Amino acid sequence: MFATTVIRLVCLSLASVGVLAAPIQFEVVVDKRATACFLTGSTALPAEVEAGIPALAKSVTCDTSKTSVAGVPLVSSGGISFSTIDFQKSSSSPLGFALQAFATPTDPATADLNKLQNQLNDYLAVEAGLRSKGIGGSQLTKVKSVKFFLQFQIARVRTARGETVATLGAAGTVEHQQGK
């Protein structure tokens, strides 16, 4: 089942000019997948993944002439292409790759949070793209392991900058990421 947004358009009553006596209502259904270039399949997404699609669709672009993982279009966020942070190009495990590629400075508060977020956006988009195509198993697990590491790093940076559970939300804390 596709998630959709319903837009209702109502024409104003033109009774004053004698054209219409009552408002006319039109309904247009817009498929969220139509705006998320990385969702190329038709498999329903888990609610947690689906909830993030509108924000990702605004910040992620696709080069549909190239692919990233298992046929998902090559994605970019904030000028960072997935191809430049692709764990598949490493001889290390996905987690080993993540430990090297997404290390933070000794003082995590000085890390480039915007860069980490754009890197995470790429991995979130690839994960959603895989799920939309019904691809799970080891492919999905590898992408998710890098994604979780990036989420953990972002939580560390935000915590080092003094953000609290009140501003991070429970899911944004280091403790929550460690539980994954």
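Some observations on this one:
- Any hit, region 74-81, residues being exposed (fewer than 12 other Cβ atoms within 10 Å of the Cβ) and among the hydroxyl-bearing types (Ser, Thr, Tyr): no
- Boolean, Ser65 is open to solvent by less than 40 Å² (accessible area, probe 1.4 Å) and not in a helix (DSSP H, G or I): no
- Qualifying residue in region 151-170 (condition: open to solvent by less than 50 Å² (accessible area, probe 1.4 Å), modelled with pLDDT under 95 and at positive phi): yes
- Test: residue in region 108-131 that is surrounded by fewer than 16 Cβ atoms within 10 Å (Cβ to Cβ), of a type in the set (A, V, I, L, M) and at pLDDT below 95: no
The values are calculated or read from the model by the stated rules, or taken from the named source; none is laboratory data. Note that the structure is a prediction, hence the values are computed from the model and not measured. A quick note on method: Cβ atoms are made from the backbone with ideal geometry, for glycine too, and the neighbour counts reach across all protein chains shown. Please note that ligands, DNA and RNA were not included when accessible areas were found on the heavy atoms of the full protein model with its side chains. Shrake-Rupley method; radii C 1.70, N 1.55, O 1.52, S 1.80 Å.
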